Amino acid sequence: MQLTTIFTLLAGTTATVSAVVLTPRATSRNFILRVQDDQPGLRGQVLSASKSRLWVSLPEDKQDAQCEKGPEAGWIKGAAALFLRDSELFLYGGGDHAVQKFGVDRQANDRDNLKYFDTTHDNPSDTVVTRGWYIDSGRNALAFSGALLLACPESGAYTVGVFQGKSTPEDRANCIPFHPEVVENDASVPCEYSEE
């Protein structure tokens, strides 16, 4: 009888923990992203935005965002400031100024499918999905519809894509799957990021 009760309690606890881990966490605050996986050359690197893409380890001389003056403390230079609204991912442009939004092209190969666009004048194709972003509360990591993000080498840095299985192994060669840790940042600086 006592063993049955203990197993019942353990099963209930496991189910509760699993439900909590899988529950998306909401945030109304701005955040930056940092690679949390133990990958050589990537761990701890912040994600930047440039030329309609997210980047890992983008050299400072290639970062071309037009930003307001940053505060002395708390602001990490080069880190893209982001926020979520209604399961959509935006670059922080100040206040409610949310015009640069991310979309995942379901038809593009994995290394090139994640891009941001200006909602005031760009209309992405019908294959681009903007909803599906959330913060995985178990890992405190940004996720898109349960898919891993990929860091793929390009021009001395890494571009970021979403793994959807749309590429051949050769196309994904040298790409590294990773979890982008969400770091809330009250010192976010409004920026306008370059687009292609």
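Where a number appears in this text, it was derived from the coordinates with a stated rule and is not lab data. Note that the coordinates shown come from a computational prediction; the quantities given were computed from them, not determined experimentally. Every residue, glycine as well, gets a Cβ built from its backbone with ideal geometry; the counts of neighbours run over all protein chains shown.
Under 5 Å from the amide H of residue 57 lie the amide H atoms of 46, 48, each residue being 5 or more positions distant or on a separate chain, with H modelled from the backbone and absent for Pro and chain starts. Label separation (residue 69 vs residue 123): 4.2 nm, computed from points 7 Å beyond Cα along the C-beta direction. Could you give the distance between the Cα centres of the range 30-61 and the range 112-137, to the whole Å? Measuring centre to centre over Cα atoms gives 19 Å. Near residue 36: Cβ cut-off under 13 Å, other residues only, Lys/Arg at +1 and Asp/Glu at -1. The net charge is -1. Modelled spin-label separation between residue 57 and residue 154, with each label point placed 7 Å from Cα along the Cα-to-Cβ direction: 1.6 nm. Sorting 102, 90 by the number of Cβ atoms found within 10 Å of their own Cβ, with the fewest placed first, yields 90, 102. When 127, 168 are sorted by how many other C-beta atoms sit within 10 angstrom of their C-beta, beginning with the fewest, the order is 168, 127.
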